[in-house]
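Since the structure comes first, as structure tokens, the remarks are kept for the end.
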Amino acid sequence: MKKIHVNQLGYFADDVKKAVCETDAGAFEIIRTSDGAAVFSGKTGAAVHDAASAQDVRVADFSEFSQQGEFFVSAGGQESYPFTIGADAYAGLNAALLDAFNYQKCGVAIDKGIWSHPPCHTSPAVIYGTKETRDVSGGWHDAGDYGRYIVPAAMAVADLLLAYDLCANPLQEILDVTWFEIEWMLKMQCEKTGGVYHKVSCASFNALDEAPQNERGELILCPISLTATADFAATMALASRFYPDKKAALLAAAEHAWTWCEQNLDAPNFVNPEGVTTGQYGDITAKDEIFWAACELFSATGAEKYHDVIKQSEIYVGLGWANMGTYGITAYLSLKSSADAELSEKMKTRLRAVCEEIMQKHASEPFGTSLGVTYRWGSSLDVANNAMSLLLYSKLVEENAAYTNAAKEHIHYLLGRNPLSQSYVTGFGSLPAKDPHHRPSVAVGETFPGMVVGGPNPTTPRDVVLQTHCEGNPPSKFYVDHKESFASNEIAIYWNSSVYFLVAVLGM
Ligand code: 9MR
Ligand code: 9MR
Ligand code: ZN
């Protein structure tokens, strides 16, 4: 087990570059791997306590060293994994994170070498509680399971479209990849009422080693929900800005969904209906989803009725599948002229407060994170989301170098500079997650690259494998690279999308 932790891909030459050392050595060296030469030496920082991993560590800052090449850090007789300094440090990462969405495609043949498979889940789904069936084929499998759920889909689509919008080199490919999911989402809308079915899956999760085309159980379309319909309205309004040929249809779908929401504001929160036990994606309120939808619809149409809803709403923040507020703020702050100046200011102030809290935690966390000791299911997403908030502020409100730098520090954690020296992206780094809870990979016996795993999570006692491996571990070490650990080592489309946003916007 490594005791010096680095981003295992590396660092851009001009970036801040830090390693975290568990050794108590006061000095460190940078060694070039090609000839073993010590090319830089420095002093480590004072020992600091890292609460999340319950240990003292020292930071080795080698920012002034900007030679290109491959190196490792050496201190106190310990060595880090090697890493690259240079423009190509992250080569292939952007493309792989995006291609993972292609691999998650449902309903079509997948042509990807050993991971190829015939179309899956093509039969019509039964509308829960009826004998009626409906074609809802397509879309991405949500995660390591084969469910397709609207709420997390909306979030993943939003991340990818925002990545396209805010990155320096917007690739048409981002729009092409994302369209596949949007097309499926459109099929999930009831054409009569505008309401959107919450999800489609079999009644329960299938065996971990079952290939997608072999899951042949009946597909069940779960009831329309307010969160799904509001998220759908927001997503389609957002998408209408990026697909000019489809603009009218997307806006019509968004407005139809909005009408359903208006008439069903007191709809109960979604829970799995009896007999269905797949991912629930329930929520305790749909107010932030409504806020997001109103912001996107106002942004797309300029209609005052949406503006009125925003003005009467609380301002919500959040970038998780249950907390969509910041997506709403993002839409509103993207408006060039029609926004209400005072309301814009309020949103900026709110987002700034979120960022300042992140920065405050970040300042005391040697691994570059900002979670304190709160690691929960999908902690990788929480890490990425904090970085995303900082970048959104920097892009939409005012350029802020400290925020951009902190966002990069969060990525360094995900790519190996963490207490386990674990890269939480499959196929990338010296010690990547190799055995994720991902049915297609398990079925093939080989892990697909470019997928973000959930990460440390001490909060799920029913993940027995995780508990057995990690008993007594501090929060940020509560992770096991084991296929059965669904609560720390599953993958999910919205974990990939948030990391994709970071990598795209940071030009990595
Ligand atoms: O495999 C399932 C995974 O995709 C879900 O995220 C997770 C959510 O609860 O559940 C997993 O299934 C596990 C089930 O919940 C409990 N028994 C073991 C299953 C893992 O194969
Ligand atoms: O990502 C979800 C996490 O935030 C929740 O705590 C967890 C339990 O409800 O569910 C996670 O989502 C899983 C979903 O329910 C089923 N597909 C796999 C998802 C990722 O593990
Ligand atoms: Zn499928």
### Query
Any idea how many residues of the range 1-20 are surrounded by fewer than 24 Cβ atoms within 10 Å (Cβ to Cβ) and among the β-branched types (Val, Ile, Thr)?
1
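Considering Ala125, Ala96, which residue is surrounded by 19 or more Cβ atoms within 10 Å (Cβ to Cβ), more than 24 Å from Leu319 (Cβ to Cβ) and out of contact with any helix residue (DSSP H, G or I) (no Cβ under 8 Å at 6 or more places or on another chain)? Quick ask: steps written out before the conclusion?
Working: Ala96 fails: more than 24 Å from Leu319 (Cβ to Cβ).
Going through Ala125, Ala96 in turn, the sole match is Ala125.
Only one of these is out of contact with any Gly (no Cβ under 7 Å at 6 or more places or on another chain) and in a loop (DSSP other than H, G, I, E, B): Leu251, Leu238, Leu265, Leu297. Name it. Even if it seems obvious, please write down each step before you answer.
Details: Leu251 fails: in a loop (DSSP other than H, G, I, E, B); Leu238 fails: in a loop (DSSP other than H, G, I, E, B); Leu297 fails: in a loop (DSSP other than H, G, I, E, B).
Matching residue, one of Leu251, Leu238, Leu265, Leu297: Leu265.
When you check Ala294 against the structure, is it buried (at least 18 other Cβ atoms within 10 Å of the Cβ), without any contact (Cβ under 8 Å) to a residue 60 or more places away in the chain and not charged (D, E, K, R), yes or no?
yes
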### Task
Name every residue in the range 136-193 that is in a loop (DSSP other than H, G, I, E, B), within 16 Å of ligand 3 (Cβ to nearest atom), of a type outside the set (Ser, Thr, Tyr) and on the phi < 0 side of the Ramachandran plot, in order of residue number.
Val136, His141, Asp142, Gly144, Asp145, Gly147, Met188
### Subset of the range 321-371 [charged (D, E, K, R) and more than 26 Å from Leu238 (Cβ to Cβ)]
Glu356, Glu357, Lys361, Glu365
### Task
Having 2 or more residues that are within 16 Å of the chain's Cα centre (by Cα) is the bar; report the helices (runs of 4 or more DSSP H) wholly within the range 377-462 that clear it.
379-396, 401-414
### Summary
Contact list, first residue from the range 188-203 and in contact (Cβ under 8 Å) with a residue 12 or more places away in the chain, second anywhere and part of a strand (DSSP E or B) and among the polar types (S, T, N, Q), beta-carbon distance below 9 Å, six or more apart or interchain, is Gly195/Gln189; Val196/Gln189; Tyr197/Gln189
### Summary
Of (1) under 18 Å from Gly368 (Cα atoms); (2) free of Cβ contacts under 8 Å to residues at least 60 places away in the same chain, Asp111 fails just (1)
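Where a number appears in this text, it was derived from the coordinates with a stated rule and is not lab data. These figures come from a predicted structure and were not determined experimentally. Glycine gets a Cβ as well: all are built from the backbone with ideal geometry, and neighbour counts include every protein chain shown.
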